[in-house]
1. Taking the residues in segment 1-20 that are in contact with an Asp or Glu (Cβ under 9 Å, 6 or more places away or on another chain) and at negative phi as candidates, determine which candidate is surrounded by the fewest Cβ atoms within 10 Å (Cβ to Cβ).
2. Would you check if there is a residue in segment 116-133 being free of Cβ contacts under 8 Å to residues at least 40 places away in the same chain, touching a Phe, Trp or Tyr at 6+ places or on another chain (Cβ under 7 Å) and of a type in the set (A, V, I, L, M, F, W, C)?
3. Would you check which residues across segment 110-128 are crowded, with 19+ Cβ neighbours inside 10 Å and in a loop (DSSP other than H, G, I, E, B) and list them?
4. Could you tell me which of the residues Ser92, Ser86 is more than 19 Å from Tyr7 (Cα to Cα) and either part of a helix (DSSP H, G or I) or among the basic types (Lys, Arg) (or both)?
5. Has segment 11-21 got any residue that is touching a residue at least 24 places away in the same chain (Cβ under 8 Å) and within 17 Å of Phe97 (Cβ to Cβ)?
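What follows is calculated from the coordinates using simple rules that are stated; it is not laboratory data. All of these numbers come straight from a predicted model, not from anything done at the bench. Cβ atoms come from the backbone with ideal geometry, glycine included; neighbour counts cover every protein chain shown.
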Amino acid sequence: MIETDGYAMEAVLADASTDPPRPTYAYTVGFPDHAEFPDIAVLGLTPVAARGLIGLVAELRRGGTELPLDVELVGLLDNDLRCRFSAIDLDSWGDLFATAAAWYRGEPFEMVQLMYPDRNGFLPYEAGYERRMRYAQPVVATIA
C-alpha cells in the first residue's frame with residue numbers, strides 16, 4: 001500500500017469487550033513521508049469514510065495547503081463544518097497504533113486525531129457534543 005499510494009491505512013474493528021468499548025477507527029502509516037504531515041487517526045467512522053477524509057488531507061498537503069494543529073479548521077469538511085487535528089500522546093494511547101509502531105521499528109513517530117463534528121456541529125470535546133457519539137468518537141488527542 002505504501003509503495004502504491006505513498007502511505008497505508010490500517011482499519012481496526014470495534015471491540016465491545018473492552019471497558020469502555022473501543023470504537024472502529026483507522027489510522028495512517030507512512031503519511032509524514034507522503035504528505036509532510038503527522039500520521040492521522042480517525043475514530044468512529046467506517047474505513048471507507050476515514051479513507052476519504054485522509055485522502056482529502058493527503059491531496060491538500062501535497063498541493064501545499066498548510067493544516068495547523070490545535071486549531072479549529074473550517075473549509076476542509078463539506079458545508080463549512082469545523083474539524084481539528086490534535087496530537088495524540090503515544091505514551092498513553094500508543095497501543096492503539098501497533099501497526100504504525102511496528103512499521104517505524106521503535107523509532108518515535110507522531111500521530112494526530114482528526115476530530116469531526118456531530119450532526120449539530122459540535123466537536124467531541126465541546127459541551128454540546130451528542131452524548132451517544134462520545135463512545136463512537138472518543139477524544140484520545142491532547143486538547144490544549
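1. So the residue we want is Ile2.
2. yes
3. Tyr116, Pro117, Asp118, Leu123, Pro124
4. That would be Ser92, the only listed residue that is more than 19 Å from Tyr7 (Cα to Cα) and either part of a helix (DSSP H, G or I) or among the basic types (Lys, Arg) (or both).
5. yes
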